[in-house]
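All remarks here apply to the structure that follows.
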Amino acid sequence: IELLKVNDMTFIIHFKDGIPGFEKFKDYVLLQEDDVPFIMTMQSIDADIPSFVVIDPSAFMDNYAPELSDMDKEFFGNDADLKFLLMTIIPKDMNETVVNLKAPIVIDAKTNKAKQIIAENRDYPIRYKLFNS
């Protein structure tokens, strides 16, 4: 995922309205691991929490294409270069890891403007098991 670089591994993204449940936190950095580049931490720059583990869906899905609502399309505009990240829950047993396909984080790579959306796709679950056990 290519976003505005602060240094080699840090990206700043801005949520105009915050993330649902964390509305007062608007600015985040994406911290990318060298050894696993598709797993990132999305960390608020204003406090230690909130902090979220997010995954680039292209690392495990070839055809992930969330459909944006008309309101979300208007928010990002026609010239947007949209990238998607999935909120992740990683329990003690890594085989039980789930991602949220229904409500991805959407980032315009040109402006670093971001929003968590609800995808219009009916077949995308909120809890998608990442690993088949």
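Helix content alone sets the calculated 222 nm mean residue ellipticity of the chain: runs of n ≥ 4 DSSP H residues at -39500 (n - 2.57) each, divided across all residues, give -1500 deg cm²/dmol.
In this simple spin-label model, placing a label point 7 Å from the Cα along the Cα-to-Cβ direction at both ASN112 and ASP81 gives a separation of 1.4 nm. Near GLU74: Cβ cut-off under 15 Å, other residues only, Lys/Arg at +1 and Asp/Glu at -1. The net charge is -3.
Would you work out what percent of the accessible area of the chain, with all protein chains in place, is carbon or sulfur (probe 1.4 Å)? Before the final figure, lay out each step's value.
Numbers: 4080 of 7960 Å².
The C+S portion of the solvent-accessible surface of the chain is 51 percent.
Checking the Cα-Cα distances for LYS73/LYS110; LYS16/LYS92; LYS24/LYS92; LYS26/LYS110 against a 24 Å cut-off, the pairs over it are LYS16/LYS92; LYS24/LYS92. Normalised by the number of residues in region 66-110, the mean separation of alpha-carbon contacts (under 8 Å, six or more apart) gives a relative contact order of 42 percent. Other residues with beta-carbon under 10 Å from the beta-carbon of LYS115 carry, at +1 per Lys or Arg and -1 per Asp or Glu, a net charge of -1. Take the chain with all the other protein chains still there, run a 1.4 Å probe, and you get 60 Å² of accessible area per residue.
Once Kirkwood radius over Cα pairs in Å is worked out from the coordinates, which option in (i) 17.7; (ii) 14.7; (iii) 15.2 does it equal? Computed from these coordinates, Kirkwood radius over Cα pairs in Å corresponds to label (iii).
The values are calculated or read from the model by the stated rules, or taken from the named source; none is laboratory data. Here the structure is a predicted model, which means the values were calculated and not measured. All Cβ positions, glycine included, derive from the backbone under ideal geometry; neighbour counts span all protein chains shown. For accessibility, only protein heavy atoms count, side chains too; no ligands or nucleic acids. Shrake-Rupley method; radii C 1.70, N 1.55, O 1.52, S 1.80 Å.
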